[in-house]
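First the structure, in the form of structure tokens, and then the observations on it.
The values are calculated or read from the model by the stated rules, or taken from the named source; none is laboratory data. Note that the structure is predicted; figures quoted are calculated from it, not measured. With ideal geometry, Cβ positions are generated from the backbone for all residues, glycine too; neighbour counts draw on all protein chains shown.
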Amino acid sequence: MDEVITVADASSFFRSNEYQPSILPSNLPLLSALFAFFVAQFLKLIFGSGGIPSSHLATVSALAVAISFQHGIQTSSFSIAVVLALVVMYDASGVRLHAGRQAELLNQIVCELPPEHPSSNVRPLHELLWHTLLQVVAGAILGCVISYLMRNSQ
């Protein structure tokens, strides 16, 4: 027979000591990813925006490592996090590199247009879209270290 939970049962559960709401969630992967993102963004104040470390890689690597600590490497959630990290890594260092190079060429072409051409007044495209291998690796290491430190601080 299926068990039925009434409103009274649910409200007594939330009033009991079994349920302890907290201001911060106790989700280690989420907290690690968010903290890694904010640390990487803070470091960009020192090294410059778009530079070292890659905040995208810091975020996804912190997520993957924290999931491995919490659930193990044999789980579906870890597999998803690793694939996500690899896609972000490929995008940050590969696809966006070529998009940045195309932006450089398009900006040169627009600069050479005569002033009466309708596209001559177009705002230049952002050219620095990619990360170097060092920036990608630094972001990944930062994310791993933050997850490790957060795990050990619990």
**OP:** Considering (1) part of a loop (DSSP other than H, G, I, E, B); (2) at pLDDT 80 or above; (3) crowded, with 16+ Cβ neighbours inside 10 Å, say which one Q74 fails and leave the rest.
**Re:** (3)
Original post:
If you check S26 against the conditions, is it surrounded by 22 or more Cβ atoms within 10 Å (Cβ to Cβ), of a type in the set (G, A, S) and either closer than 17 Å to S147 by Cα or at pLDDT below 75 (or both)?
Top reply: no
**OP:** State all residues of the range 136-152 that are closer than 14 Å to Q70 by Cβ, surrounded by fewer than 24 Cβ atoms within 10 Å (Cβ to Cβ) and touching a residue at least 60 places away in the same chain (Cβ under 8 Å); if no residue qualifies, say none.
**Re:** Y148, M150, R151
Original post:
Taking K44 and the conditions (1) among the basic types (K, R); (2) more than 13 Å from G139 (Cβ to Cβ); (3) surrounded by 15 or more Cβ atoms within 10 Å (Cβ to Cβ), which numbered condition does it fall short on, given that it satisfies the others?
Top reply: (2)
Original post:
Of the residues V87, V65, which single one is hydrophobic (A, V, I, L, M, F, W, C) and surrounded by 16 or more Cβ atoms within 10 Å (Cβ to Cβ)?
Top reply: V65
**OP:** For F13, indicate whether it is at pLDDT 75 or above, assigned to a helix (DSSP H, G or I) and out of contact with any Pro (no Cβ under 8 Å at 6 or more places or on another chain).
**Re:** no
